[in-house]
1. Obtain the nm distance between the two label points defined at LEU50 and GLU135 by a simple spin-label model: each point lies 7 Å from its Cα along the Cα-to-C-beta direction.
2. Based on alpha-carbon centroids, what's the gap between region 276-309 and region 161-179 in Å, whole number please?
3. What are the ³J(HN,Hα) values, in whole Hz, obtained from phi via the Karplus relation 6.51 cos²θ - 1.76 cosθ + 1.60 with θ = phi - 60°, for each residue of region 283-294 in sequence order, with x given for Gly and Pro?
4. Hey, with R₀ at 35 Å, roughly what FRET efficiency would SER77 and SER150 work out to, going by the Cβ-Cβ distance, to 0.05?
5. What is the gain in length, in nm to one decimal, between THR289 and ASP172 on full extension, counting 0.36 nm per residue of separation less the C-alpha to C-alpha distance?
6. Which of the three applies to region 52-108, rounded, prolate or oblate, going by the alpha-carbon gyration tensor with a ≥ b ≥ c and a/c under 1.5 meaning rounded?
7. I'd like the FRET efficiency for THR183 and ASP112, computed as 1/(1 + (r/R0)^6) with the beta carbon distance as r and R0 of 30 Å, rounded to 0.05.
8. Of ALA231, VAL202, PRO177, which is farthest towards the positive pole of region 152-309's charge dipole, taken about the Cα centre with +1 and -1 on the beta-carbons of Lys, Arg and Asp, Glu respectively?
Amino acid sequence: MTAIFRLPVAIAFSLVLLSIASSKSDAAKVRVCQEQDQRYQEIKPGAGPLELNAALSAAADKGCLNLARRLLDDGASLGSRDRFGAMPLTHAAKAGEIDILELFLSRGAAIDARNLDGSSALFVAAEQDNQPVVEALVAKGANVNLPGRSGLTAMDAAAYMGNEALVKLLIDKGADPKRADATGKGPICYAVARGFTKVVAVLLDRSVDVNARYGNDLTALMWAAGHEDAAGSSDIADALSLLIDRGAHLDDQDNRGRTALMIAASLGHEKAVDVLLAHGAERNIKDKTGKTAADLAPNEELKKKLAIG
């Protein structure tokens, strides 16, 4: 069999496997909802508001649409809260259950209600990287700038997850790409620190100042230089190069007097050091303690690379 015939067969086989997996998932969901329904029937005769409301949140968690509808008809409240202060709408958003989400909204659920840590259904959906749920909530009028946990917004969560389409959607719906959270970071800080260059490009294209200062006088370039360890080195290199191409100041200093090069050196981020040096970052700048990038480097190889002269 030639390659031209093997490819369609492989695709067809993959589709069959996906169909089987989906069928198993659907069957498992049906069983779960049957169990939830049976449990409700057992407690229904003596169920009070607490039991009804708990069952409603559980139905949202499990994706049991018919049971959720019946519970609402039987008096369960969309204004009820679990021990974390989350309402049933947030349960549906976290579970990714759009049908239940829309049912709750059609029955008057408060779209911007927040739980004890301040998170709304929209923030929870963005944090879960669930674009369809975010789209559904935004379409129904959810406040895109409402802060959640630690002052984070849905935009921050989308940037952290590297979801370019979601970042664009939120900005188009009025989210502020420049807003700093309670920890002093803007969406671009989360994106560059994880090497999500496409998201960084979107934010820069949407009026974010490449040299803006965030908490502790850090810039986006400094955040990229001090990137998360889990970020790919090539992704960070791309993010650094993009920032520099867009006019990032190579030798700006933070509140400790450290430049992006010094931050990268102190953390042993060799790839970031290479990119910054290649673009002309100064080696001889000293921080407020009198140390250079070479002084801050954790190993001899990096110290040699950063040596002055």
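Please treat every number below as a calculation from the coordinates, not as lab data. Keep in mind the model is a prediction, meaning the values are calculated, not measured. Reconstructed Cβ throughout: ideal geometry from the backbone, glycine too, with neighbour counts over all protein chains shown.
1. 4.2
2. Centre-to-centre distance over Cα atoms comes out at 36 Å.
3. 8, 9, 6, 10, 7, 5, 9, x, 9, 9, 4, 5
4. Details: r = 29 Å, r/R0 = 0.82.
The computed FRET efficiency comes out at 0.75.
5. On the way: separation 117, 0.36 × 117 = 42.12 nm, distance 4.46 nm.
Stretched out fully, the THR289 to ASP172 stretch lengthens by 37.7 nm.
6. Values: a/c = 1.34, a/b = 1.04, b/c = 1.29.
Judged from the Cα gyration tensor, region 52-108 comes out rounded (a/c under 1.5).
7. Working: r = 22 Å, r/R0 = 0.74.
Calculated value: 0.85.
8. PRO177
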